[in-house]
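All remarks here apply to the structure that follows.
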Amino acid sequence: MFSVDFYQYYAPYNQKFDTLFKNTKEILVDIDDIYNLIPDFQCADDCHECCQNFGVPSRTKVEDERVKAFLQKNSMSPGKAHGNTCPYLNENGCSIYPVRPLICRLYGTSPNYRCKMKVAPLRLLHEDEEEEIFHLYRTHFF
């Protein structure tokens with residue numbers, strides 16, 4: 001039994017999906033709309049576990065263009081991959097954090113991408129929510 005009303009707890013999240021699907025025939029989804037469906041949380045200091053095991057993060061053309069524009073705007077050059085470590089990880093953490101790809105944003109927010117440091121948002125994504133996020137992502141950006 002839940003200590004809080006399940007539907008009330010998920011209502012703000014469901015409203016975000018309802019807004020995205022209001023006019024599905026005319027919908028034009030911005031990648032930030034998808035990112036905004038993912039719960040925020042604060043990573044553990046100096047962890048970077050998610051950056052050290054996956055190599056170069058998979059990303060769409062839209063995300064790749066955003067990363068390139070961010071690097072150019074900030075006079076940065078792409079890093080080099082070292083083994084399975086992300087090339088965008090530096091001594092200060094993620095050098096592209098504001099424009100990091102979806103897979104990086106999902107880490108720690110889903111039962112399928114749990115943080116090994118046991119850090120999590122107040123609410124993990126439900127599997128159905130994660131599937132819907134991936135569906136939107138694949139439908140509009142691949």
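The values are calculated or read from the model by the stated rules, or taken from the named source; none is laboratory data. Nothing here was measured: the structure is a model prediction, and the numbers come from that model. Cβ coordinates were reconstructed from backbone atoms using ideal geometry, including for glycine residues, and neighbour counts include every protein chain displayed.
Scanning segment 107-124 for residues that are surrounded by 15 or more Cβ atoms within 10 Å (Cβ to Cβ) and either more than 20 Å from Cys51 (Cβ to Cβ) or of a type in the set (Phe, Trp, Tyr) (or both) returns Tyr107, Tyr113, Leu124. For segment 80-102, the set of residues classified as hydrophobic (A, V, I, L, M, F, W, C) and touching a helix residue (DSSP H, G or I) at 6+ places or on another chain (Cβ under 8 Å) consists of Cys86, Leu89, Cys94, Ile96, Val99, Leu102, listed by residue number.
Considered as a group, the residues in segment 56-81 that are over 27 Å from Arg123 (Cα atoms) and in contact with a Cys (Cβ under 9 Å, 6 or more places away or on another chain) include one that is surrounded by the fewest Cβ atoms within 10 Å (Cβ to Cβ), and that residue is Val56. Scanning segment 26-36 finds no residues that are outside any helix (DSSP H, G or I), at pLDDT below 85 and closer than 25 Å to Lys118 by Cα. Summed over segment 78-93, the residues that are in a strand (DSSP E or B) and within 26 Å of Ile133 (Cβ to Cβ) give a count of 3. Only one entry in Ser75, Ser3 is modelled with pLDDT of 90 or more and in a loop (DSSP other than H, G, I, E, B), namely Ser75. Taking first residues from segment 120-142 that are touching a residue at least 24 places away in the same chain (Cβ under 8 Å) and partners that are surrounded by 14 or more Cβ atoms within 10 Å (Cβ to Cβ) and among the hydroxyl-bearing types (Ser, Thr, Tyr), the Cβ contacts under 6 Å between residues at least 6 apart in sequence or on separate chains come to Pro121/Thr109; Leu125/Thr109; Leu125/Ser110; Glu130/Ser110; Phe141/Thr60. Tallying residues that are more than 20 Å from Glu130 (Cα to Cα) and surrounded by 15 or more Cβ atoms within 10 Å (Cβ to Cβ) within segment 94-106 yields 3. Annotation: of all residues in segment 108-129 being within 11 Å of the chain's Cα centre (by Cα) and over 18 Å from Asp32 (Cβ atoms), the one that is modelled with the lowest pLDDT is Tyr113.
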